[in-house]
Amino acid sequence: MIYQNLVRYFSLAFLFLALSLGAQAQDAKHGKELFLANCASCHNANMKDNATGPALGDVEARWAEFPQEELYAWIRNSQGLIADNSAASQAYAADLYKKWGSVMTPFPALTDADIQDMLVYIQNKYEFGCDSPPCVTAVAEGGNEGPAKEEDSSTGIILIILAVVLALSTVFLARYINNLNRLAAQKTGGEPVASKSFLQIVLNPTIVRLLIFALVIFGGYTTVNNAINLGRQQNYAPEQPIKFSHALHAGKNGIDCQYCHDGARRSKHAVIPAMNTCMNCHTAVKKGPEHGTAEILKIYASTGFNPISIETPQYGAYFSDTVSLESRLAVYEKWLKASNEGMAEGDIKAQLAAVPQFIETSEDSKLVNTKPVSWIRIHNLPDHVYFNHSQHVTAGKVECQDCHGAVEEMAVVKQHAPLSMGWCVNCHRQTKVKFDENAYYQADYYKQYEEYHKEIQEGGVTVEEIGGLECQKCHY
């Protein structure tokens, strides 16, 4: 009986070890989701370079001399830690705030496990450039040993080897028990026990039941997880018909987001800017620093702009609808040769080849019209979800980067956040309502929350507390 219990023990140990390997990988994945939702708008995602806030790669090492719970307290509420006279790290926290000069958004809903998962993801990204184990499988014990080192990153492989050893030990122990039973039967003259093959041992009912149980758990988890992620496209970064760099326009040139996406402040949609918005600058700026004339030519083609017109050099110097495609291409070719002295003929032809996709020709080829640029949508919510940009930008004072990430650093725009319901709900739980200098509050829309206004000095009011989690806010 004792041997049979040992078989069950080894089988269960193998099962739990296998499940723990999947749980560790899930910890880093969860940490990535939390980082992108809460931290990525201020901290660089490579964990090595400073942004609005400092690089986070060695954050545990910088806090190693203080208790781990104080690092967690700093992440949850930095100002609360600064005000805590009993904290060992109070002076360090105050100096850190003074150095960077901005208040870190409090995240009171984050649990210790959440913060630990984020630290695992941060360390993976910092040291090895990857998101999940086996790069780093755990935060250093107690948080005082600093970040896990590269030689410790083999923990995942060691656990896999241990799982295999446990599985083999279970099989060999079961075979040994069978042999003991067979010898005991021979000595007592009882009914002989047949020797079991390796396959018969593996297919032992106890092992089979445990494997079926594990498969059901794993299959259910995988199914639910994949179903939850259905339709989500975080990090989606399609190639656009015109290579528009936000890093150049919003970053280097400092163009405000709402100059182009002016609908964000006054309507439900942020809107894709019309091409005449581009022409406000590109009637004068006719050559880009990276692509030269190639992408600007596409803008001219889509608007019908004549870049070499001397009669009407200002914006509005369009081709007539009666000017054929061939005549337009001839004008563009002349402009390209004048703008790119010494450019090879093949390169000019390659740039001209992109023009027809922005021009629509009638059947008799006599009338030529421009057609809208077929931009590829990146951020797309389900039809049953209601989201109003003006409510967040104008009333909520939400920064564009909070949802879209550091777009001013993106040469190719990607979907920064998961845009899931949980991501939105967590934001509503943590975001403080900005009553001061808020036109909606002054116009009595928020007057009903007067008591909340008084609580601002006591820690603030979250969107959740003013109905931000009501289903009808997004599902109508």
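The values are calculated or read from the model by the stated rules, or taken from the named source; none is laboratory data. Just so it is clear, the model here is predicted, and its values are computed rather than measured. Here the Cβ is made from the backbone with ideal geometry for all residues, glycine too, and neighbour counts use every protein chain on show. Side chains are part of the model used for accessible areas, which takes the heavy atoms of the whole protein and leaves out ligands, DNA and RNA. Shrake-Rupley method; radii C 1.70, N 1.55, O 1.52, S 1.80 Å.
Among the numbered criteria (1) closer than 21 Å to V398 by Cα; (2) of a type in the set (D, E, K, R); (3) surrounded by 17 or more Cβ atoms within 10 Å (Cβ to Cβ), which single criterion is violated by E295?
(1)
Determine whether A406 is modelled with pLDDT of 90 or more, surrounded by 15 or more Cβ atoms within 10 Å (Cβ to Cβ) and either closer than 23 Å to C281 by Cβ or within 42 Å of the chain's Cα centre (by Cα) (or both).
yes
Could you say whether any residue in the stretch 414-424 is aliphatic (A, V, I, L, M), in contact with an Asp or Glu (Cβ under 7 Å, 6 or more places away or on another chain) and either modelled with pLDDT under 80 or open to solvent by 60 Å² or more (accessible area, probe 1.4 Å) (or both)?
no
Kindly establish whether Y121 is more than 21 Å from K432 (Cα to Cα), assigned to a helix (DSSP H, G or I), among the hydroxyl-bearing types (S, T, Y) and open to solvent by 50 Å² or more (accessible area, probe 1.4 Å).
No: the conditions fail for Y121.
Identify, please: which residue in the stretch 249-279 is more than 18 Å from F387 (Cα to Cα) and aliphatic (A, V, I, L, M) and is, among those, least open to solvent (accessible area, probe 1.4 Å)?
Going through the qualifying residues, I end up with M279.
For the list (1) under 37 Å from the mean Cα position of the chain (by Cα); (2) surrounded by 11 or more Cβ atoms within 10 Å (Cβ to Cβ); (3) free of Cβ contacts under 8 Å to residues at least 60 places away in the same chain, I need the number of the one condition that R377 fails.
(2)
For E191, only one of the following conditions fails: (1) modelled with pLDDT under 70; (2) open to solvent by 70 Å² or more (accessible area, probe 1.4 Å); (3) under 46 Å from the mean Cα position of the chain (by Cα). What is its number?
Failing condition for E191: (3).
Which residues, taken from the stretch 87-107, are in a loop (DSSP other than H, G, I, E, B), loosely packed, with under 15 Cβ neighbours inside 10 Å and hydrophobic (A, V, I, L, M, F, W, C)?
Listed by number, the residues that qualify are A88, V103.
Which residue is least open to solvent (accessible area, probe 1.4 Å), if the candidates are limited to the stretch 387-403 and must be assigned to a loop (DSSP other than H, G, I, E, B) and under 25 Å from G31 (Cβ atoms)?
V398
Every residue in the stretch 66-86 that is in a loop (DSSP other than H, G, I, E, B), modelled with pLDDT under 90 and more than 27 Å from the chain's Cα centre (by Cα), please.
Scanning the stretch 66-86 gives A83, D84, N85, S86.
Just wondering, is there one or more residues in the stretch 50-65 that are out of contact with any Phe, Trp or Tyr (no Cβ under 6 Å at 6 or more places or on another chain), touching a residue at least 24 places away in the same chain (Cβ under 8 Å), assigned to a helix (DSSP H, G or I) and surrounded by fewer than 19 Cβ atoms within 10 Å (Cβ to Cβ)?
yes
I need the full set of residues from the stretch 319-337 which are at pLDDT below 90 and either open to solvent by 80 Å² or more (accessible area, probe 1.4 Å) or over 15 Å from P307 (Cβ atoms) (or both), in order please.
Scanning the stretch 319-337 gives S320, D321, T322, S324, L325, E326.
Check off (1) within 29 Å of P307 (Cβ to Cβ); (2) modelled with pLDDT of 90 or more; (3) open to solvent by 50 Å² or more (accessible area, probe 1.4 Å) for L215 and give me the number that stays unchecked.
(1)
Here is a check on your reading of the model: is P133 at pLDDT below 80 and farther than 30 Å from V463 by Cα?
yes
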